[in-house]
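One structure is given below, encoded as structure tokens.
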Amino acid sequence: MRVLEYISDLIAKITLKLSCFFIFVMTMILIIQVILRYVFNYGITSADEIAKYSIIWAVCLAGNVLIKEDILIKVDFLDSFWPDVFIKWRDKSYQVVIIILLGFLLKEGWLQAVEGWHARLTSLDLPWFFPYLAVPVGALLMLYQSAFTLIKSFRR
């Protein structure tokens, strides 16, 4: 169990740093684009695509940290009316549903990414595979954190 927790912590730490990097890249490219556009009347042709795909990667990578830290948005205003045992089993069933949905997202995201290998991005001249890859990578990381959270909930 300690090994799984170590892996979970390591994944969260690395992906949070990568997310920060992608947000930094997005911020810098947009600042540079604005300065170039309005001061020098020149722009980077692929700035919008770089910014767009950077934020998509950042969100997909950071999603697993939200699951690990249990800070996803919840509707819990009725929890005071239910017994604790019900709430625990409800949360476990939510985790199972999330795992099933993430498995579907992983499969379909991977198929979409592979299908995008032969199509090219307009201004970056890269395959669509790389932007599409954010979805299955994010789903896989969230799947691991969800499975770990479910296993941990049964050990309490």
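Every number here is computed from the coordinates shown, using simple stated rules; none is lab data. For clarity, every value in this text was computed on a predicted model and none was experimentally measured. Using ideal geometry, Cβ is built from the backbone for each residue, glycine included, and neighbour counts are taken over all protein chains shown.
What to note about this one:
- Cα gyration tensor shape for the range 23-119, rounded if a/c is under 1.5, else prolate or oblate: oblate
- Computing FRET efficiency as 1/(1 + (r/R0)^6) for T45 and L10, where r is the C-beta to C-beta distance and R0 is 35 Å, gives about 0.40.
- Gain on full extension, evaluated as 0.36 nm per residue between Y38 and V97 minus their Cα-Cα distance, stands at 16.3 nm.
- Cβ crowding within 10 Å averaged over residues, with 144-150, 21-27 ranked highest first: 144-150, 21-27
- The value of relative contact order for the chain, using C-alpha pairs under 8 Å at least six residues apart, is 28 percent.
- Cα-based reach from K152 at 26 Å (exclusive), listing lysines while leaving out same-chain residues under 8 positions away: K13, K17, K68, K74, K88, K92, K107
- Where labels lie 7 Å past Cα in the beta-carbon direction, separation of K152 and L66 in nm: 1.7 nm
- Around the amide H of L121, modelled in the peptide plane, lie the amide H atoms of L126, W128, all under 5 Å away and 5 or more residues distant in sequence or on another chain.
- The range 1-72: C-alpha gyration tensor shape, a/c 1.5 cut-off, then a/b vs b/c: prolate
- Chymotrypsin sites (Phe, Trp or Tyr not before Pro) within the range 98-136, DSSP loop, no more than 15 other Cβ atoms inside 10 Å: W117
- In this label model, K17 and S80 are separated by 4.3 nm, measuring between points 7 Å along each Cα→Cβ vector.
- Ranked by how many other Cβ atoms sit within 10 Å of their own Cβ, fewest first, the residues M1, M28 fall in the order M1, M28.
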